[in-house]
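Bear in mind that the values in this text are calculations on the coordinates, not laboratory data. Everything quoted here is computed from the prediction, not taken from an experiment. Positions of Cβ are backbone-derived with ideal geometry, glycine not excepted, and every protein chain shown enters the neighbour counts.
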Amino acid sequence: MNYFLQIIGIATLSLSTFGQQKWIQNNNNSDFFQNKFQTEIQSAPSDSVKTKPFDIEPSMRLGYIKSFGMGDNILNNEFQNSNGFSIIFSAFSIYNAKFSAGFETQKFVEDASELEIYSHVNKNSYSLQIDYTIPIQNKFSLVPFINYGVVVVNFKDGKDLLARQTANELKIGTYLDYQFNSTYTAFVGLSYTNLFNDIQAPTPQDKKYYGTFQSVQLVLGFEFN
């Protein structure tokens, strides 16, 4: 009888010890999976990119300009298509829309027209610009923009200023950026420009001919951040 009770006692103790070990193992496994699940949640990438309402992003675009004139107007008909350069300074962005100020200058050379008194025309623009960067693939981005400026058109013979117009210009286009690194970016830009000036002229035809200019503009350059 005593031998039988000893066997029962040993079996009961073994089951109790096994149950405690199993409970400890299950509890450790539960902690392991809970910690692993929390770690995976914390390290998982967010589906949405947070946009800063306001960010300081100083940058500068320098570009070479080639314009291709269109329409029936004095700059397109009487002068050769121009060359020039542009510089755009950006200081800040609001919800990823970048705000910039710029200067652009172009030179139109007289093209054996009837206007023999003018040797060339200097067209200088002071503008404000808004653009928005859209990443497309790897290091490439599209940057659509809208630009509005005040334009001073100087008709000159050599160094002598013979006439001057002050006009406005609207430009809509896009850049295609290739980012080498966080500092240097190469870009090519294409835009449509429309210069308009409410000049006094004898007829509507003269007003349009002497006071407007439309062009497609190509720009090549670099951006420095």
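Taking K and R as +1 and D and E as -1, what net charge do the other residues with C-beta under 12 Å from the C-beta of residue 80 add up to? Write out the running numbers ahead of the final one.
Working: positive: 66, 107; negative: 78, 110, 111.
It works out to a net charge of -1.
Show me, for region 135-141, the HN-Hα J-couplings you get by feeding each phi into the Karplus relation (A = 6.51, B = -1.76, C = 1.60, θ = phi - 60°), rounded to Hz, glycine and proline as x.
x, 10, 6, 6, 9, 8, 9
How big is the Rg/Rh ratio for region 54-224, C-alpha atoms only, Rh by Kirkwood, two decimals? Can you show the working numbers first?
Numbers: Rg = 17.5 Å, Rh = 17.0 Å.
Looking at region 54-224, the ratio lands at 1.03.
Over 24 Å between Cα atoms: which of 98/208; 123/159; 52/98 fall into that group?
Values: 98/208 34 Å; 123/159 15 Å; 52/98 12 Å.
Pairs exceeding 24 Å: 98/208.
Sort the following peptides by mean Cβ neighbour count (other Cβ atoms within 10 Å, averaged over residues), highest first: 179-186, 95-102. It would help to have the intermediate numbers written out before the result.
Numbers: 179-186: 12.5, 95-102: 15.6.
My ranking of the peptides, most packed first, is 95-102, 179-186.
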